[in-house]
Amino acid sequence: MSFWPCDQQTIVLKVNMSGEKYRNKAMKIVVGTSGVTGVRLEKDKETLTVEGEGVDVLALARALKKKAQVELLAIQGTMKTRRQRKDRRTSSSLVDTDQQHSSLPLPIDLTIDIFSRLSLKSIAISRCVSKPWAFVLGRPDLRDLRLTRSQARPRLLFAFWEGNNLFFISSPQPQSPDEMLSVAADHHMSFSFDHPVKDISASVNGLVCVRISGHRFVNGRRFTVEESVLCNPSTGQSLTIPKVKTRKRVGIVSLLGYDPVEKLHKVLGMIWLQDGITMEHQVLTLGAGGGGSDEKLTWRMAERGIPCPCPSSAGTQNICIGGVFYYIHAHMIVSFDVRSEKYSFVKPPKGKLYHRLLDCNGKLALVPLGKSYYFDSETVKMWVLEDRERHEWSKRVYTLPPMWKDVVDPEEWLVIVGVTGPNEFVMSSEYSGDPFQVYYCNFDKETVTRVVIQGVGALRSGMGYSIHTYPNHVEDVKLMEL
């Protein structure tokens, strides 16, 4: 793929080449690149002027970076005179001249559109090509465009961990499949921590909150260490959440939410005492100052809710839907508005709650926690919150389609992991297997479709490891701010 729609190209690169040996290697790489018709080494012995047609600039820069540091200085194209004048008018707006020393000869909207269509791996490489490219990739409008496209075609995210290591795999999410499919997991990302992973949250607009816990020794004394880390499976970036400053703390649970209006992630920190009652609530906003903010992440006091049992940090017991965070404990459901940072309570549909929280097309839904579905199961029961202010719930009972017994593997125990459309559920096993399969159950069409995910089951097959499946995952390419 060529980034620049020109008939002929002149590409100017600054390559840090020490010695004749490295210069010769760099020249051979350039000459061997598809589309290159000529190359010239300038007098400073560091600048290469490349002539060609349809040259893949990204591939060329990637090949050179294996041997030396590379900076893209300029790209020029031979086009019609009218287009040349247009490029000159628009190129000045591509990069903020106060922050950058050069610009790329394309209109900013076209450049953003091109970058937004790249794969995650290509975006990561492009950040290292030059400062202008990194600047464009950090623009909020590019991130928003990428998010919009990802929300239109969300992905399946799979997570598993062992000791101090956490692994993410993602694949395209089939859209209401009608027949058996085989989908390849095409993105892998791993994280390593100083202490073992205990649990993780669901994907919240592209980010995941990870709780790690272990021990450290100071002067022969053992201390318990608990930390929460934000991870972005798309970029590979992680950010340790700062510790809450309080003298009351016996323990803390960090819950991750997202405000879709202000487009900000927030962490709710709940400090609990020895009896398990939360007494102090603080909020941390990620990237509140925008892309150019120098402010460090700091906690601030939030509205204190009614003292209540401390929630679990496990992703099945809390969820963020439409800017409202819900968590469940025993006989109560607590909601926290991420934008206003105010608490409220939702009366549960029944006294004792032992349920998994799901996003049912923008509404809170409850399904029995620990409930497994087998090939001979007959129904699926669910409570859906229809009106949060009036505490109105509806009970839905779905009869599994007749073809359920013929499609589901008799040896699999399935759980509901999400809802992907009107009356369409996604089910998967909680344990590894080869092949690893997810099932789409559409109650309107009365269909059950098995989807084989290539590249997931083989990694953990036969060893009984837990695998967590999260549908409707979106890719956020924005870098988290420290």
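The values are calculated or read from the model by the stated rules, or taken from the named source; none is laboratory data. Since the model is a prediction, treat every value here as computed from it, not as a measurement. Counting neighbours? That spans all protein chains shown, and the Cβs are built from the backbone with ideal geometry, glycine included. Heavy atoms of the whole protein, side chains included, go into the accessibility calculation; ligands, DNA and RNA do not. Shrake-Rupley method; radii C 1.70, N 1.55, O 1.52, S 1.80 Å.
Provide the FRET efficiency to the nearest 0.05 for the Arg390-Val261 pair, computing r from the beta carbons and using R0 = 25 Å. Walk me through the intermediate numbers first.
On the way: r = 23 Å, r/R0 = 0.92.
Efficiency at R0 = 25 Å is approximately 0.60.
How much FRET efficiency would the formula 1/(1 + (r/R0)^6) give for Glu53 and Lys381, where r is the Cβ-Cβ distance and R0 is 41 Å, rounded to 0.05?
On the way: r = 63 Å, r/R0 = 1.54.
Step by step, r from the Cβ atoms, then E = 0.05.
For segment 338-482, what's the relative contact order in percent, using C-alpha pairs closer than 8 Å and at least 6 residues apart? Intermediate results must be reported in sequence, preceding the final value.
Values: 252 pairs, mean separation 24.4, N = 145.
So the answer I get is 17 percent.
For the pairs Lys243/Lys263; Lys65/Lys121; Lys14/Lys43, flag any whose C-alpha to C-alpha distance is greater than 21 Å. Don't skip to the end; give the middle numbers.
Numbers: Lys243/Lys263 24 Å; Lys65/Lys121 15 Å; Lys14/Lys43 12 Å.
Among Lys243/Lys263; Lys65/Lys121; Lys14/Lys43, the Cα-Cα distance tops 21 Å for Lys243/Lys263.
So how much slack lies between Asp144 and Thr399, counting 0.36 nm per residue of separation and subtracting their Cα-Cα distance, in nm? Could you put the intermediate results ahead of the total?
Values: separation 255, 0.36 × 255 = 91.80 nm, distance 3.95 nm.
Full extension from Asp144 to Thr399 adds 87.8 nm.
For Phe217 and Leu41, calculate 0.36 nm times their separation in residues minus their Cα-Cα distance, and state this gained length in nm to one decimal.
On the way: separation 176, 0.36 × 176 = 63.36 nm, distance 5.75 nm.
Full extension from Phe217 to Leu41 adds 57.6 nm.
What percent do you get for the relative contact order of segment 156-210 when only Cα pairs under 8 Å and 6+ apart count?
Working: 76 pairs, mean separation 18.2, N = 55.
Normalised by residue count, the contact order of segment 156-210 is 33 percent.
Express the carbon and sulfur contribution to the solvent-accessible surface of segment 344-412 as a percent, rounded to the nearest whole number, probe 1.4 angstrom.
Working: 1870 of 3970 Å².
After summing per-atom areas, the C and S share lands at 47 percent.
I want to check the label-to-label distance for Tyr22 and Phe345. Put each point 7 Å from Cα in the C-beta direction and report it in nm to one decimal.
Computed distance between label sites Tyr22 and Phe345 equals 6.7 nm.
Over segment 387-482, average the accessible area per residue using a 1.4 Å probe and give it in Å², no decimals. Walk me through the numbers before you get to the answer.
Numbers: 4520 Å² over 96 residues.
Ligands and nucleic acids excluded, the figure is 47 Å² per residue.
Could you sort 54-65, 221-232 so that the peptide with the highest average Cβ count within 10 Å comes first and the rest follow in order?
Details: 54-65: 19.0, 221-232: 16.1.
So the peptides 54-65, 221-232, ranked by packing, come out 54-65, 221-232.
How long is segment 369-413 along each principal axis, judged by its Cα atoms, biggest number first, in Å?
Between the extreme Cα coordinates on each principal axis of segment 369-413 lie 43, 22, 11 Å.
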